[in-house]
There are 2 protein chains.
Amino acid sequence: MQRYFLPEQTATDTPLVLPATVAHHLVTVLRAQVGTAVEVVLADHQAYQAEVVALTPATITLTAPLTSQVELPVTVTLACGLPKTKEKPELIVQKGTELGAHHFIFFESERSVSHWDAKKVAKKLDRLQKIALGAAEQSHRTWLPTVEYRPNLAAVLKEPADQRLVAWEESAKQGEAAALTQSLTSLQAGQSILALFGPEGGLTSAEVAAMTAAGFQAVGLGPRILRTETAPLYFLAATSYQLELQGNL
Amino acid sequence: MQRYFLPEQTATDTPLVLPATVAHHLVTVLRAQVGTAVEVVLADHQAYQAEVVALTPATITLTAPLTSQVELPVTVTLACGLPKTKEKPELIVQKGTELGAHHFIFFESERSVSHWDAKKVAKKLDRLQKIALGAAEQSHRTWLPTVEYRPNLAAVLKEPADQRLVAWEESAKQGEAAALTQSLTSLQAGQSILALFGPEGGLTSAEVAAMTAAGFQAVGLGPRILRTETAPLYFLAATSYQLELQGNL
C-alpha cells in the first residue's frame with residue numbers, strides 16, 4: 001500500500017486536497033482512480049487509511065486510523081561526522097530511516113575530509129530530506145525524520161538527550177562489550193538517545209575528551225572494524241533488537 | 001594497519017613471497033619499504049603481524065600471531081533472493097562482510113525481477129568476491145567470506161545448517177517479535193545459521209510453505225518494512241549484538 005506524508009494537514013481538514021507533488025505521484029505516476037486506497041500520515045504523526053474521492057484536484061477522505069506501533073519506543077538522533085563521499089550520507093539517511101532513526105545530524109569533525117560549502121548546505125539537506133521522505137514512506141514510518149547540519153562538534157554537544165553515546169572502536173578492545181546493552185536497557189519509553197559516529201579517520205583525542213566532558217558514554221559495536229556509514233546502521237538494528245524484539249520497553 | 005588475505009599460504013612457507021596483486025597494492029600503491037609492517041591472514045584463518053623483508057619480489061616474514069577474536073562465534077550464511085539492481089548484491093556483500101557474515105548465496109526466487117544469465121554468473125560472482133575481499137581486509141576479518149549462486153530456492157534448501165531462519169515481515173504483525181531472540185539464544189558456539197531473505201516482492205506462499213517444510217523458522221525484524229538489502233544487515237547486527245555484546249556465547 002502506497003503511503004504519503006502530509007505533515008501540513010490534520011484529520012479535521014478532511015476531505016484533504018493533496019499537495020501537488022503527492023497528487024502528481026498518486027494520479028500521474030501510479031494512475032490512481034476514484035476509490036483507490038492509500039495510506040497517509042498527518043501532522044499528528046498518525047497514519048490513516050484513506051481513499052481517493054476526486055482527481056481534479058486530487059482529494060482523499062480518511063477511512064480509518066491505523067493503530068499499529070511502528071516507531072521505536074525511544075527517540076533516536078544520529079550525529080555523523082561528515083563522510084568523504086556524498087553517497088555515504090545518502091546511505092545513512094535512507095537505511096537509517098528504514099531502521100527507525102528520528103533525526104540525522106551531519107557535522108564537520110576534525111578529521112572530516114569533506115566540507116559542506118555554506119552556500120550548498122541548504123541544497124544538500126534538501127536532497128537528504130527527500131531521501132528520508134522516500135524511505136519513510138517505503139518503510140511505513142509514522143515519523144518523518146529530519147536532517148540537519150552543524151559546522152562542528154561543539155554545536156552537536158549542545159543537543160539535549162537523555163542518553164548520549166559515542167561509537168568508539170577502542171572500547172571493544174578494552175572489554176567494554178556490554179556498554180551498549182547497559183545504555184539501551186537503562187532507557188525508559190519516551191526518552192531520547194543521541195548517538196555520535198566519527199568520520200572515516202575516526203575522532204581525535206581532543207574530540208573524545210570533549211565528548212567525555214559532555215557526558216557521552218563510549219560504546220563498542222563488536223570486534224570488527226565498521227565503516228563510518230555502517231556503524232550507525234549496526235547501532236539502530238541493535239537498538240531495535242533490544243527494545244522492540246527483546247521487548248524491554 | 002593494512003591487512004591482506006593470503007588464502008593459499010601457510011605459516012610454514014615463511015618467508016612468504018606475496019602474490020602479484022597483493023605485491024602490487026603494497027609496493028606500488030602503498031609504497032611500502034623494507035621494514036614496513038602489515039597484517040596477513042593465512043590459510044588457517046589466523047591473522048599475523050608481518051614485516052616486509054624484500055621488494056623484488058615482495059616478500060614478508062611473520063613476526064607474531066594476532067590473537068584477538070574478531071569472528072562471530074557462529075557461522076552465518078545469508079541466502080538472498082536476487083534483488084532488482086546490481087548495486088544491492090554489492091551492498092549486501094560489502095556491509096554483510098563488515099558485519100560478520102561467512103557465506104553469501106544469491107538465488108533466483110519466484111518474484112526475482114533480475115536474472116543472472118548462466119554465462120555471466122562466474123563474472124558476477126568474481127566481482128562480488130572481490131568486494132568481499134576488500135571489505136574483509138578493511139574490517140580486519142580473519143575469515144574471507146564466500147559468494148555463491150543458486151538457480152532456485154530448492155537448491156538453497158539443501159544447504160546444511162544447525163538453524164534455518166527466514167525473515168518474514170508478517171511474523172512481526174503476528175506478535176512473533178521474540179522469535180529471533182529465541183533462535184539466537186539457543187545457538188551454541190561453533191554452530192551454523194542459515195538466514196534467508198526474499199527479493200523486493202517478497203516470497204510467495206509456495207516458497208514459504210517449502211521453507212516451513214524444510215524446517216525454517218520465520219523471524220520478524222521489527223515493525224518497520226525493511227528493503228531487501230537492509231534486512232540482512234539488521235539480522236547480522238542483531239546476531240552480533242546478541243552473541244558478542246550481550247556475551248551469550
| Across segment A:92-132, what is the number of residues that are away from chain B (no Cβ under 14 Å), part of a helix (DSSP H, G or I) and within 18 Å of residue A:77 (Cβ to Cβ)? | 3
| field | Checking residue B:200 against (1) charged (D, E, K, R); (2) in contact (Cβ under 8 Å) with a residue 24 or more places away in the chain; (3) in contact with a helix residue (DSSP H, G or I) (Cβ under 7 Å, 6 or more places away or on another chain); (4) within 14 Å of chain A (Cβ to nearest Cβ), the condition it does not meet | value | (3)
| message | Just checking, does segment B:30-48 include any residue being charged (D, E, K, R), in a helix (DSSP H, G or I) and surrounded by fewer than 18 Cβ atoms within 10 Å (Cβ to Cβ)? | response | no
| said: Could you go through segment A:65-72 and let me know if any residue there is within 16 Å of residue A:140 (Cβ to Cβ), in contact with a Phe, Trp or Tyr (Cβ under 6 Å, 6 or more places away or on another chain) and surrounded by fewer than 14 Cβ atoms within 10 Å (Cβ to Cβ). | reply: yes
| query | For residue B:181, which of the numbered conditions (1) closer than 24 Å to residue A:232 by Cα; (2) more than 9 Å from chain A (Cβ to nearest Cβ); (3) polar (S, T, N, Q) fails to hold? | reply | (2)
| request: State whether the residues of segment B:117-137 include one that is touching a residue at least 60 places away in the same chain (Cβ under 8 Å), under 16 Å from residue B:199 (Cβ atoms), assigned by TED's automatic domain parsing to the domain that holds residue B:200 and touching a helix residue (DSSP H, G or I) at 6+ places or on another chain (Cβ under 6 Å). | output: no
| Of the residues that make up segment A:211-226, is at least one within 22 Å of residue A:94 (Cβ to Cβ) and surrounded by 21 or more Cβ atoms within 10 Å (Cβ to Cβ)? | yes
| Would it be correct to say that residue B:100 is at pLDDT 95 or above and closer than 30 Å to residue B:154 by Cβ? | yes
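The values are calculated or read from the model by the stated rules, or taken from the named source; none is laboratory data. Since the model is a prediction, treat every value here as computed from it, not as a measurement. Virtual Cβ from ideal backbone geometry, glycine too; neighbours counted across all protein chains shown.
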